[in-house]
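Questions regarding the structure given below will be posed in turn.
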């Protein structure tokens, strides 16, 4: 059965975006650092990406408007509105949990829950592994990854590494 993985960066105080939804604060101690923080290794394990409509809009309009970063992967975008078609992207309306349950049964690599916070909240019961890249910054406010009132989830730390001030913690459900 395929594994569902949350792979996401956050500030030390738990935010995935600043108050304006921006992520230009992502990065380590040295702003000129050119490493990939383990992304290359991670993405080789994935063949399917699940993201929310706000994340899709941010990727296509702000972060990577000229080059689709998920070429060769099947991308599902959870949305309630129509979008222009794009090769390899499937726009779906419905329960992300039910979609993940169906995708798990299909052959393939890992399934990446790629954000944002609302999608993560809806997928919590399906996530097997949490890759949390903690960036060396305190934002003070913004979009929390895990909102107040989230139910407890017991985890086991399976890996820990650091790169340019970023700390990656990998947890699995206990």
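Only the coordinates and a few stated rules stand behind these numbers; no lab work does. Since we're looking at a predicted model, the values are computed, not measured. Backbone-built Cβ (ideal geometry, glycine too); neighbour counts: all protein chains shown.
State the extension gain, in nm to one decimal, for the chain segment bounded by residue 85 and residue 102, taking 0.36 nm per residue of separation less the distance between their alpha-carbons.
On the way: separation 17, 0.36 × 17 = 6.12 nm, distance 2.26 nm.
Difference between extended and current length: 3.9 nm.
Once you sort the root eigenvalues of the Cα gyration tensor of region 1-52 as a ≥ b ≥ c, which label holds: rounded (a/c under 1.5), prolate (a/b larger than b/c) or oblate (the other case)? Mind showing how you got there, number by number?
Details: a/c = 2.51, a/b = 1.39, b/c = 1.80.
Judged from the Cα gyration tensor, region 1-52 comes out oblate (a/c at least 1.5, b/c at or above a/b).
Return a whole-number percent for the relative contact order of the chain, with Cα pairs under 8 Å and 6 or more residues apart as the contact set.
38 percent
Quick one: grab the alpha carbon gyration tensor of region 18-79, order the square roots of its eigenvalues as a ≥ b ≥ c, and give me rounded if a/c is under 1.5, else prolate or oblate depending on whether a/b is larger than b/c.
On the way: a/c = 2.00, a/b = 1.17, b/c = 1.71.
Judged from the Cα gyration tensor, region 18-79 comes out oblate (a/c at least 1.5, b/c at or above a/b).
Starting with the fewest neighbours, write out 148, 133, 64 ranked by other beta-carbon atoms found within 10 Å of each beta-carbon. Write down the numbers at each step before the final one.
Details: 148 5, 133 21, 64 12.
Fewest-to-most Cβ neighbours within 10 Å comes out as 148, 64, 133.
Assuming R0 = 22 Å, what is the FRET efficiency of residue 36 and residue 153, from their Cβ-Cβ distance, to the nearest 0.05? Intermediate values should be presented prior to the final figure.
On the way: r = 28 Å, r/R0 = 1.27.
Rounded to the nearest 0.05, the efficiency is 0.20.
Can you give the FRET efficiency to the nearest 0.05 for residue 24 and residue 1, using r as the Cβ-Cβ distance and R₀ = 35 Å?
Values: r = 37 Å, r/R0 = 1.07.
It comes out at approximately 0.40.
Then there's this: Based only on other Cβ atoms within 10 Å, what is the fewest-to-most ordering of 167, 89? Mind dumping the intermediate values first?
On the way: 167 15, 89 19.
Arranged by neighbour count, lowest to highest, 167, 89 become 167, 89.
Rank the residues 124, 51, 166 as a footprinting-exposure proxy: fewest other Cβ atoms within 10 Å of their Cβ go first. Can you show the working numbers first?
Values: 124 16, 51 24, 166 20.
Lowest to highest Cβ neighbour count: 124, 166, 51.
Among 55-63, 94-102, 29-37, what's the highest-first ranking by average C-beta atoms within 10 angstrom per residue?
On the way: 55-63: 16.8, 94-102: 14.1, 29-37: 10.8.
Descending packing order for the listed peptides: 55-63, 94-102, 29-37.
Also, I was wondering about something else. Using the Cα gyration tensor of the chain, with a ≥ b ≥ c the square roots of its eigenvalues, what is the shape: rounded (a/c below 1.5), prolate (a/b larger than b/c) or oblate (neither)? Write out the running numbers ahead of the final one.
Values: a/c = 1.38, a/b = 1.19, b/c = 1.16.
Taking the square roots of the gyration eigenvalues as a ≥ b ≥ c, the chain is rounded.
Further question on the same structure: For the chain, what is the calculated [θ] at 222 nm in deg cm²/dmol (nearest 500), taking -39500 (n - 2.57) for each run of four or more DSSP H residues and dividing by its residue count? If you can, show how the numbers build up before the last one.
Values: 4 runs with 28 residues, N = 174.
Using -39500 (n - 2.57) per qualifying helix, the result is -4000 deg cm²/dmol.
Once you have the Cα-Cα distance between residue 13 and residue 167, take 0.36 nm times their residue separation minus that, and quote the gain in nm to one decimal. Could the numbers behind the result be given before it?
On the way: separation 154, 0.36 × 154 = 55.44 nm, distance 1.31 nm.
Full extension of this stretch gives 54.1 nm more.
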